[in-house]
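Colleague: Next up is a structure, given as structure tokens.
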Amino acid sequence: MSGERTRPERQYGTDEVQEILQRAAQLEQKKQLERPTLSANEIEHLAKESGMDPAMVKRAIAEFEVKGAEKSLGTRLAGAPLKRVFEREVEGEITTAVHESLAHDIRAALGEAALMSQVSAVGRTLTWTAFSKRGVIELHIFPRDGKTVIRLSVDSRQLAGGLFGGLIGGIGGGLGVNLVWMLPTVGHLPWYAGIAGLGATIVGAWGLARTIYVLASGSIARRAEALMDTLERTVRANVAPK
């Protein structure tokens, strides 16, 4: 009716506005989390809205991917990942002036492996590939969207192949095969005792190779993390955030 007065719209104080907006953000985040899948970019966006450091989120995603790789059959048999990928992000973009400092850090960390390596620099991107007894090491340092990405991958399949192939083939093929005829003939045991002896020898050789590989893989991971820490410090000291 024309005589009725329009009810004035309610006004909210500063604290009330903040509480409402926080609740709206929580509801929006909950709505997105209820989706069956989220991309890496969407996870980073959610984390950023929650006040998290995007670089730490990227690092967490990379570590999660490594854990997923650890569930593969090859990794379970070997006892440790056959390939590891480490990644860091630093605010600010790298320039070619930093390449020499980074190269010095890499040579110091790799030691003898640095002698058998391939180095290339295309624009501001530095790529280093090294070949060692413990595997193939690939390092890429490049600018992206106002940041510098440091990515290190270590492929230890050559090391694993040498250990498992050498020990299982050597011990199983040498001692194990001889047990097949020695136990029944010399020990006067049933024929299947020889087969059991072969099996036990192979399992023992696999266990020994697995133990050695787990120890070597752990050492590789620690050295890789140390190198990443060094490179990250060098980049931070030489680039300015945009």
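Colleague: Looking at the range 208-242 only, could you name the residues that are aliphatic (A, V, I, L, M) and either in contact with an Asp or Glu (Cβ under 8 Å, 6 or more places away or on another chain) or assigned to a loop (DSSP other than H, G, I, E, B) (or both)?
Modeller: Result: Leu227, Leu231, Val239, Ala240.
Colleague: Name the one entry in Gly111, Gly135 that is out of contact with any Lys or Arg (no Cβ under 6 Å at 6 or more places or on another chain), loosely packed, with under 15 Cβ neighbours inside 10 Å and modelled with pLDDT under 85.
Modeller: Gly111
Colleague: I'd like the full set of residues that are free of Cβ contacts under 8 Å to residues at least 40 places away in the same chain and of a type in the set (Ser, Thr, Tyr), limited to the range 128-153.
Modeller: Thr129, Ser132
Colleague: So which of Ser156, Ser120, Ser101 is polar (S, T, N, Q), free of Cβ contacts under 8 Å to residues at least 12 places away in the same chain, closer than 28 Å to Ala224 by Cβ and out of contact with any Asp or Glu (no Cβ under 9 Å at 6 or more places or on another chain)?
Modeller: Ser120
Colleague: Here is a check on your reading of the model: is Thr185 more than 15 Å from Leu82 (Cα to Cα) and surrounded by 13 or more Cβ atoms within 10 Å (Cβ to Cβ)?
Modeller: no
Colleague: Is it the case, given these coordinates, that Glu93 is at pLDDT below 70, surrounded by 13 or more Cβ atoms within 10 Å (Cβ to Cβ) and more than 14 Å from the chain's Cα centre (by Cα)?
Modeller: no
Colleague: Which of (1) farther than 30 Å from Ala103 by Cβ; (2) touching a residue at least 24 places away in the same chain (Cβ under 8 Å); (3) surrounded by fewer than 17 Cβ atoms within 10 Å (Cβ to Cβ) is the odd one out, the single condition Ala193 does not satisfy?
Modeller: So Ala193 meets the others, but not (2).
Colleague: Test Glu100 against the stated conditions and say whether it is modelled with pLDDT of 70 or more, over 30 Å from Gly162 (Cα atoms) and not aromatic (Phe, Trp, Tyr).
Modeller: Yes: the conditions hold for Glu100.
The values are calculated or read from the model by the stated rules, or taken from the named source; none is laboratory data. Just so we're clear, the structure is a prediction, and the values are computed from it rather than from any experiment. With ideal geometry, Cβ positions are generated from the backbone for all residues, glycine too; neighbour counts draw on all protein chains shown.
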